[in-house]
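Right, one structure below, let's go through it.
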Amino acid sequence: MILEDEEFHHLNNPADGIKPIVKKYLGTPNHAEQAGNKIFFTDGDARVEVLIVTNEIIRVRLAPHSVFLEEFSYAVPELPHAHVEFTLSENELEFRVSTPAVNCHIRKQDFFISFSDKDDHVTSADAVPMHWEENTQFGGYYVYCTKTCEQQESFFGLGDKATEFNLRGKRLKNWNTDAYSFGFNQDPLYRSIPFYISVSDNIAHGIFFDNTFKAHFDFGSEDATKTSFWADGGELQYYYIHGPHMMDVVKNYHLLTGTHPMPPLWALGYHQCRWSYYPENKVRVIANGFRKNQIPCDGIYLDIDYMDGYRCFTWSPKYFPNPKKMIADLAANGFKTVVIIDPGIRVDDNYSVFKEGKEKKYFCRRCDDYFMEGHVWPGRCQFPDFTNPEVRAWWGDLFDELVETGVAGVWNDMNEPAVFGSGTFPDDVRHQYDGYRGSHRKAHNVYGMQMVRATYEGLRKQMKNKRPFTITRAGYSGVQRYSSVWTGDNVASWEHLKLGNIQLQRLSVSGISFCGTDIGGFSGEPDGELFTRWIQMGTFSPFMRAHSAGDTKEREPWSFGEPYTSINRKFIELRYRLIPYLYSAFWEHHRYGFPILRPLVMHEQEEISNHFRQDEFTYGDKILICPVLEPGQKSRKVYLPKGTWYDFWTLEMVEGGKEVVVPTPLDIMPIFIKAGSVIPEYPVMQYTGEKEIEEVKLNIYYSDYEVNSFLFEDYGETFAYEQDIYLEKKFVVNGDAAKLTIKQSMEGLYTPRYEGYHFKINGLPFKPAKVVADGKEIGIISSNPDKTYEFKFSKNFKQIEIFK
Ligand code: MIG
């Protein structure tokens, strides 16, 4: 190891004013030693481990004095079991580890580590050897990695940072923070996702810095030629994830950290929330308001005021004297009830949750064994140590009464953890950390994720085989295995609408697909126009919930009068029509690791200009959305990726690869459908499952090249899909000047109860003379003025041909 090099003195000083004492750098690697999929290098004192995880994923770890920490990660519970082939070779200049996809180079002169693809194109290279600095107060090290930053390199990911979509030129921090009414560029926020994607020279790679301590990222901010990441503790440990496409990187990140389980179908509907709907009668009035206004809604939320003095797992006897009856009545009216839960447990010996937690020593303690106490909503509180598996099991079981009362979902708030005054816990709080021990410095960023994990696992147990619904504010990489996420306390402003659009796309490429913003803005007052534009965007958020603070005016979809109510209804109805499409995109996420929202750069990363587009995104891979983000906007520019698109509203066909100008009167948000798509549609219902589905509509958009679409179907509420009780249908559409062919194939064991499809053919370049379904001629039931054609046939069809 060598001592600090003056040249790099200015780089990467730990934040928060801690002055570096001495930085130490790796020296020269003198030999390589292989043990299974691991290769160890040493400079005589420090050791570096290179682990071949898969052909595309390589993990690097550093142990300053040769002793690695025990292998444990909340983000990666288990490394993927993959068959890997690699070779280790050596020449005068370097050691080289090569898989069929990537080379990892360890330079002999200075221990620089770099990665290249099969064409020896370098994708990621150290600019400085990995380095560290002793932490004299807590032990361990501040750890640093600095790589080169290319002139045209772009950066994406890191969760929900409140800044431009492309992170080039930014310096950001991960430390979960309750950021009420956050502003543009405020950092850090509620979640920590230490994963980023780089795109340079049309090649993407990812870096997943699996370190739970306060972590920092610099994307060419301090020095335009360098990208750095560092943390205030833990191990320097990162996964290099090879592309070459952004989609490959995201899928491989999901391979490490998992995907969302399938949600209950109702969770994809519209949800109504407010701090707070109480008393009970108010909840009933709101629910009835939806039915009276014929605006679909599946979920209604109870914020903290449902509790007795904010004590978790209790009900206010005054406001909710008979919650079981209320929830049953709501359920009979098609509403699922979701309740909030906070981590702070009121210090009160007459309160059973506190008493039990205290007796069993489940609450967090300071290093000198005092309890961690802080003030939150209930007053003086103590906090369960969710990093202890026994505490998680206890917490999970506490939900038995709520489940018995009929609660269908749980909202996990304040789990950064947030404490009034001090912000969060002091650093010296101790955590069990699943047996691996740590101070709050190490556990802070995973605390919220472990809380919602305890909640999810508990609900899953209590609800027998039903899918629980959970939502969380705080999280760390991998939180998607347990919960959906909302972006926290935003503001009713146009700037926040824009920001929300970016945040959701960013969450989606960072592993968190099931996400949404508080529609309308949490604090402040939207006017009817802003609320409606937000509903329009929210129609295409994987999670769709309106929420508002208690000191604001009424905020239901009908609160602004006409024309807003009708437009809000039209879009929420569209949400419901497209539920089978969203559900299928969810399945593609769950099973294959595709994000649900896909930013434009994911469609055409080769175009540098797309690295800076942040308004448009696709919902799944077939529907392109461009929200209207300015007040009074009469029209807006939309960039369409290459290929043919249909304007959803006019059915006009447009060639992509360029910007188009789209009129945006208040009742229109630009929506385009990719040619060749099959978009499944359900009839509008006031809530999912309101009516038996008699037929599924298939909207087919003619194309003269072949396009695949998917439709996923199952019971929508159990885990039977884990036993292959589902149906994954694949449609292939292909046309020419005289014929359109639609083929269907299926996988899985589920049988839907409806009999047939109602086809609607859009954009046919000829008038159909006949339709042949599985060899038999069938009739067209409707030839419409807009040159669309409709007919019906069995859901089990194999091939349909439409002839000129
Ligand atoms: O200190 O439960 O982000 O959605 O309505 C505020 C009351 C606590 C913050 C959440 C917000 C919720 C509110 N909570």
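We did not get these values from a lab; they are worked out from the coordinates using the rules stated. Remember, it's a predicted structure, so these values are computed and weren't measured experimentally. Glycine also receives a Cβ, built like all others from the backbone with ideal geometry; neighbour counts cover every protein chain displayed.
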**OP:** Go from 0 up to the bin containing the longest alpha carbon distance in the range 2-257, width 10 Å each, and give me the % of pairs per bin.
**Re:** 7, 32, 39, 19, 3, 0
Original post:
Local charge sum around Tyr576 (other residues, Cβ-Cβ under 10 Å, Lys/Arg +1, Asp/Glu -1)?
Top reply: -2
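At 0.36 nm per residue, and after removing the present C-alpha to C-alpha distance, how many nm does the segment from Glu652 to Glu777 gain when stretched out fully?
Contour length minus the Cα-Cα distance gives 42.1 nm.
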**OP:** State the Kirkwood hydrodynamic radius of the range 100-168 in Å, one decimal place, computed from all pairs of distinct Cα atoms.
**Re:** 14.7 Å
Subject >> Separation in nanometres of the label points that stand 7 Å from Cα toward Cβ, at Asp704 and Phe803 >> reply: 2.1 nm
**OP:** Could you tell me which of rounded, prolate or oblate describes the range 553-643, using a ≥ b ≥ c as the square roots of the eigenvalues of the alpha-carbon gyration tensor, with rounded for a/c under 1.5 and, failing that, prolate when a/b is larger than b/c and oblate otherwise?
**Re:** oblate
Subject >> Taking N as its residue count, the alpha carbon Rg of the chain over 2.2 N^0.38 Å >> reply: 0.97
**OP:** Would you mind getting me the FRET efficiency between Asp110 and His375? Use the beta-carbon distance for r and R0 = 60 Å, nearest 0.05.
**Re:** 0.70
Original post:
Under a plain spin-label model, where a point goes 7 Å from the Cα along Cα-to-Cβ, how far apart in nm are Glu562 and Glu390?
Top reply: 6.5 nm
**OP:** For every other residue with a beta carbon closer than 15 angstrom to the beta carbon of Glu652, add +1 if it is Lys or Arg and -1 if Asp or Glu, then tell me the sum.
**Re:** 0
Subject >> For the chain, with +1 on Lys and Arg beta carbons and -1 on Asp and Glu, the positive-most of Gln237, Pro670, Ile761 along the dipole >> reply: Ile761
**OP:** Can you tell me what the convex hull of the Cα atoms of the range 327-429 projects to on average, as an area in nm²?
**Re:** 7.4 nm²
**OP:** Find out how many positive minus negative residues lie around Gly233, taking Lys and Arg as positive, Asp and Glu as negative, among other residues whose Cβ is under 12 Å from that of Gly233.
**Re:** -2
Subject >> Cross-link reach list, lysines versus Lys161, counting only Cα pairs under 16 Å and skipping chain neighbours closer than eight places >> reply: Lys170, Lys173, Lys214, Lys498
Original post:
Got the relative contact order for the range 533-627 handy, in percent, Cα pairs under 8 Å and 6 or more residues apart?
Top reply: 24 percent
**OP:** Report, as a whole number in µm² per second, the diffusion coefficient that Stokes-Einstein gives for the range 597-674 at 25 °C and 0.890 mPa s using the Kirkwood radius over alpha carbon pairs.
**Re:** 195 µm²/s
**OP:** Return the tail of the calculated pair distribution for the range 213-327, meaning the percent of Cα-Cα pairs more than 26 Å apart.
**Re:** 54 percent
Subject >> Whole-Å distance, taken between Cα centres, linking the range 489-521 and the range 748-804 >> reply: 39 Å
Original post:
Based on Cβ point charges of +1 for Lys and Arg and -1 for Asp and Glu, what charge dipole magnitude is obtained for the range 597-674 about its Cα centre, in debye rounded to the nearest 20?
Top reply: 40 debye
Original post:
Can you pull the Kirkwood radius for the range 406-480, inverse mean 1/r over Cα pairs, to one decimal in Å?
Top reply: 13.4 Å
Subject >> Cα-derived Rg to Rh of the range 761-804, Kirkwood definition >> reply: 0.95
Original post:
Assuming a viscosity of 1.002 mPa s and a temperature of 20 °C, what translational diffusion coefficient in µm² per second does Stokes-Einstein assign to the range 646-804, Rh being the Kirkwood radius over Cα pairs?
Top reply: 125 µm²/s
Original post:
Tell me, what is the FRET efficiency for Ala331 and Thr28 to the nearest 0.05, using R0 = 56 angstrom and their Cβ-Cβ distance as r?
Top reply: 0.25
**OP:** Would you mind telling me the antiparallel percentage of the DSSP bridges in the chain, rounded to 5?
**Re:** 80 percent
Original post:
What is the dipole size for the chain, taken about its Cα centre, with +1 at each Lys and Arg Cβ and -1 at each Asp and Glu Cβ, in debye to the nearest 20?
Top reply: 2320 debye
Original post:
What 222 nm value per residue comes from the helices of the chain, counting each DSSP H run with n ≥ 4 as -39,500 (n - 2.57) and dividing by all residues, nearest 500 deg cm²/dmol?
Top reply: -5500 deg cm²/dmol
Subject >> the chain: relative contact order as a whole-number percent, Cα under 8 Å and 6+ apart >> reply: 9 percent
**OP:** Work out the FRET efficiency for Glu134 and Ala224 from their Cβ-Cβ distance, taking R0 = 30 Å, and round it to the nearest 0.05.
**Re:** 0.50
Original post:
When the label point is put 7 Å from the Cα of Asp527 along its Cα-to-beta-carbon vector, which residues of the range 538-560 have a backbone N closer than 16 Å?
Top reply: 560
Original post:
Mind checking the alpha-carbon convex hull of the range 233-288 and giving the volume per residue in Å³?
Top reply: 193 Å³
**OP:** Of the options Val76, Met307, Leu88, report the single residue whose Cα projects farthest towards the positive end of the charge dipole of the chain (beta-carbon charges: Lys, Arg +1; Asp, Glu -1).
**Re:** Met307
